[in-house]
Amino acid sequence: MLDKPKVSRDDVRLRAPRVPRTRRARGPVAPQEELGVRTLITRARGSLLSSLDTELERYGVTGAQFEVLKNLFRNTTETGASLCRALHYDTGSMSRMVGRLEEKGLVRRARDARDRRVVLLRLTAAGQRLLPRIRPAARRVLRRHLAGFMPEEIDSLKGYLGRLIANGRRQDAQAPDESPGRPHGCAR
């Protein structure tokens, strides 16, 4: 006799009636597909970043690099570790990305005067000039992804995502320091 496989909460899928493969709708996500919330969020993020990469290609930066530039613009004292935590990248990936932005003349590294062990990241003048030019591209990408949404649907989506983030923060605050969900190599 075969045991039924155990199903974790992460494996729970949105159930829809089965439709023969030939009748499935073509497009980004067919409603008949059995996709979990995590998969849908991951695909939505991937779709946004991919579209942003395409929009930003003419400026010589990627969507991920835009996120780094945007964070550096908002916070005058950032380190690689703080960016790693904010953007959920491992330290090796972040170091390579900052290196590429530095080669492009958009970011510079500087030692903290109070603690020489700390390396601060700053936007260069070129980075500060570029950011306002590329922000409209990010807005265009988001508008295209939200096409057909009613304003109240957008408000609901923002509310749901905000609750999801708040729940995660509460869970992280209660979890031990070495939680398995923390990106590898990211210092707290």
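Derivation of every value follows stated rules applied to the coordinates shown; laboratory data play no part. Bear in mind the structure is a predicted one, so any value in this text is a computation, not a measurement. In this analysis, Cβ positions are derived from the backbone assuming ideal geometry, glycine residues included, and neighbour counts consider all displayed protein chains.
Quick one: 3J(HN,Hα) in Hz for region 34-47, Karplus 6.51/-1.76/1.60 with θ = phi - 60°, rounded, Gly and Pro as x.
Per residue, the Karplus-derived 3J(HN,Hα) values read 9, 10, x, 4, 4, 5, 5, 5, 4, 5, 4, 4, x, 5 Hz.
How do the peptides 79-89, 46-56 rank, highest first, by the average count of neighbouring beta carbon atoms within 10 Å per residue?
Highest-to-lowest ranking by the protection proxy: 79-89, 46-56.
Provide the per-residue ³J(HN,Hα) series for region 92-99, in order, calculated from phi with Karplus coefficients 6.51, -1.76, 1.60 and θ = phi - 60°, each as a whole number of Hz, with x at glycine and proline positions.
Ordered by residue, 3J(HN,Hα) equals x, 4, 5, 4, 5, 5, 5, x Hz.
Give me the number: length gained by fully extending residue 171 to residue 158, i.e. 0.36 nm times residue separation minus the C-alpha to C-alpha distance, one decimal in nm.
The span from residue 171 to residue 158 would gain 2.7 nm if fully extended.
Applying the Karplus parametrisation 6.51 cos²θ - 1.76 cosθ + 1.60 with θ = phi - 60° to the phi angles of region 51-63, what ³J(HN,Hα) value in whole Hz is obtained for each residue in order, glycine and proline being reported as x?
5, 5, 4, 4, 5, 8, 3, 5, 9, x, 10, 9, x
What is the packing order of peptides 127-135, 147-155, taking the mean over residues of other C-beta atoms within 10 Å and listing the highest first?
So the peptides 127-135, 147-155, ranked by packing, come out 127-135, 147-155.
Can you give me the long-range amide H partners of residue 78? Hydrogens built in the peptide plane at 1.01 Å from N, cutoff under 5 Å, separation of 5 or more residues or another chain.
Answer set, sorted by chain and number: 121.
Please list, ordered by chain and number, the residues whose modelled amide H lies under 5 Å from the amide H of residue 36; skip anything fewer than 5 residues away on the same chain.
Under 5 Å from the amide H of residue 36: 14.
Just to be sure I understand the model, the point goes 7 Å from the Cα along the line to the Cβ. What's the resulting residue 124 to residue 111 distance in nm?
Result for the modelled spin labels: 2.1 nm.
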